[in-house]
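Derivation of every value follows stated rules applied to the coordinates shown; laboratory data play no part. All figures in this text were calculated on a predicted structure; none of them were measured in a lab.
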Amino acid sequence: MTKHELNSELLEQFSRQFNADPKNQVISRAVSRSGLQEAAYNSAAEHNHTFSLELDTDNVTNQKQSGRCWLFSTLNVVRHNFGKKNKAKNFTFSQSYNFFWDKIERANYFYDRIIKTADRPLDDRTVRGYFDWCQTDGGQWHMAASLIKKYGVVPTYAMPESFNSEHSAVLDQILADKERKDALALRELAQKDDQEALEAARVRFLGDIYQIMATALGEPPKTFDLEFRDDDQNYHLDKDLTPLAFYQKYCDTDLDDYVVLANAPDHPLNRVLHLGFEDNIQGGYPNLFINVPMEYLERATVEQLKGGEAVWFGNDVLRQMDRKTGMMDLKLYQYDALLGIDTHLSKADRLRTGIGESSHDMAIVGADIDGGHIRKWKVENSWGDKSGNKGYFTMSADWFREYTYEVAVQKQYVPKDILALLDTDPIELNPWDSLI
């Protein structure tokens with residue numbers, strides 16, 4: 001292998017090149033004082049907050065210091081449907097309730113995977129992937145849908161947020177340490193083929209996880225009284241509801257009727273992808289994505305908005321986004337122009353190299369459309385009302401195409417030939433796939 005050692009002559013050459021243009025020193029002083037991001041900010045990319053197509057929404061939620069965006073954004077879609085059906089647009093669901101059950105279900109799935117792969121070495125890439133994923137907060141639409149379908153939902157007041165749900169890092173660390181230690185014991189018992197001891201240990205370990213979660217968040221309610229005033233100030237009371245009965249009676253969202261369209265151009269298009277590594281409930285919805293060109297995601301999103309429903313979407317929110325103003329635009333930060341470089345990569349190459357990732361989930365609740373041309377989108381985030389425009393962001397059409405990877409939409413807004421792909425065998429994705 002060729003080795004290149006930096007020498008003084010080469011470093012002096014770089015210095016002469018930098019100082020050959022007097023503007024570089026001026027730029028350096030400005031950037032050093034204000035920072036790269038502020039110096040590269042392009043105010044011409046700012047958007048207004050007017051939209052031609054807009055859902056009737058108001059308050060926003062706040063995930064605080066936790067990675068529950070996938071759960072917040074899914075429940076935001078559900079709560080807007082609830083609000084439209086029951087004329088209660090500011091009604092909110094407990095995030096803590098479904099978060100509790102996700103940790104239990106995720107531990108159960110983890111233990112099963114560890115037992116199944118007990119014959120592999122610990123440094124096997126798949127086994128290592130399971131250990132790394134253990135008790136993170138991240139997730140997908142189908143994971144939230146699986147939790148809702150199995151456990152239902154409850155109002156925020158029935159299981160309020162706790163310190164540990166809003167600041168989940170320590171809880172996650174404790175769960176991960178516990179489950180990784182459990183995994184070593186389960187692997188040893190599985191390797192000895194001691195099935196009776198293995199099953200007893202698995203159940204005991206799950207009981208420990210339940211105790212941790214009940215201590216940190218409190219136990220989830222088995223029943224509650226639904227009580228609220230609607231937008232017309234009419235009083236409603238329905239006593240002794242179970243979470244599932246509440247969901248089935250009041251929440252106008254049929255989770256069986258949704259598919260996730262993906263645009264991951266580093267994967268084969270017009271194929272179904274299965275991210276089984278992130279399935280969280282045995283018997284729940286598998287994480288299936290129909291990977292299609294971007295225009296399918298765009299068209300289905302517009303049609304669902306026209307149908308009066310928000311759209312969940314997975315995206316790379318930290319790219320070309322200003323948290324204070326809530327602007328998301330490809331021209332927002334002009335780093336290349338500032339530094340005289342070219343960092344542009346295609347969407348496929350960003351995924352292939354690990355630069356691109358679906359790092360955050362939000363809900364699209366409006367669009368600005370002119371003559372069939374989409375100008376921008378209205379986005380509901382879950383970072384509270386202090387960021388963006390009272391918690392709402394604006395996203396340019398180009399940003400959506402470049403940094404959105406998944407949307408969850410009703411089947412009626414997807415062409416039949418695309419839906420038919422669900423009848424084909426999916427491509428199984430690895431735990432280290434770019435879509436994670």
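With Cα atoms defining each centre, segment 138-182 and segment 219-261 are spaced 19 Å apart in the structure.
Would you mind calculating the relative contact order of segment 203-346 from Cα pairs under 8 angstrom and at least 6 residues apart, reporting the percent as a whole number? Reported as a whole number, the value is 12 percent. Globularity index of segment 134-253 is 1.38 (Cα radius of gyration / 2.2 N^0.38 Å, N = number of residues). Here the ratio of the Cα radius of gyration of segment 285-436 to 2.2 N^0.38 Å is 1.10. Per the Debye calculation on segment 177-317 with a single equal scatterer at every Cα and no solvent contribution, log₁₀ I(q)/I(0) for q = 0.14, 0.15, 0.21 Å⁻¹ amounts to -1.06, -1.09, -1.24.
Here the Karplus relation 6.51 cos²θ - 1.76 cosθ + 1.60, evaluated at θ = phi - 60°, turns the backbone of segment 4-19 into coupling constants of 10, 9, 5, 10, 5, 5, 5, 5, 5, 4, 4, 4, 5, 4, 5, 7 Hz, with x for every Gly and Pro.
Over the chain, with a single point scatterer placed on each C-alpha, what log10 of the ratio I(q)/I(0) does the Debye formula yield at q = 0.07, 0.14 1/Å? Taken in order of the listed q values, log10 I(q)/I(0) reads -0.41, -1.35. Measuring between alpha carbons in the structure, the pairs from LYS149/LYS239; LYS239/LYS378; LYS23/LYS390; LYS64/LYS411; LYS306/LYS416 lying more than 28 angstrom apart are LYS239/LYS378; LYS23/LYS390; LYS64/LYS411. Annotation for segment 380-431 versus segment 359-377: alpha-carbon center distance of 11 Å. Work the Kirkwood hydrodynamic radius out for segment 149-204: mean of 1/r over every pair of different alpha-carbon atoms, inverted, in Å. Answer for segment 149-204: a Kirkwood hydrodynamic radius of 14.1 Å. With N as its number of residues, segment 1-62 has a Cα radius of gyration that, divided by 2.2 N^0.38 Å, comes to 2.17. How large is log10 I(q)/I(0) at q = 0.11, 0.13, 0.16 Å⁻¹ when the Debye formula is applied to the Cα atoms of segment 238-322, each weighted equally and without solvent? Summing over Cα pairs of segment 238-322 leads to -0.46, -0.62, -0.88.
Shape analysis of segment 235-287 based on the Cα gyration tensor places the equivalent ellipsoid semi-axes at 35, 14, 8 Å, largest first.
Under the criterion of Cα pairs below 8 Å and six or more residues apart, the relative contact order for the chain equals 23 percent.
In segment 388-432 the Cα-Cα distances spread across 5 Å bins starting at 0 as 5, 13, 13, 18, 20, 14, 10, 6, 2 percent of all pairs.
Computed over all pairs of different Cα atoms, the Kirkwood value for the hydrodynamic radius of segment 258-368 is 16.2 Å. Computed over the alpha-carbon atoms, segment 1-141 gives an Rg to Rh ratio of 1.21, Rh here being the Kirkwood radius from the mean inverse distance.
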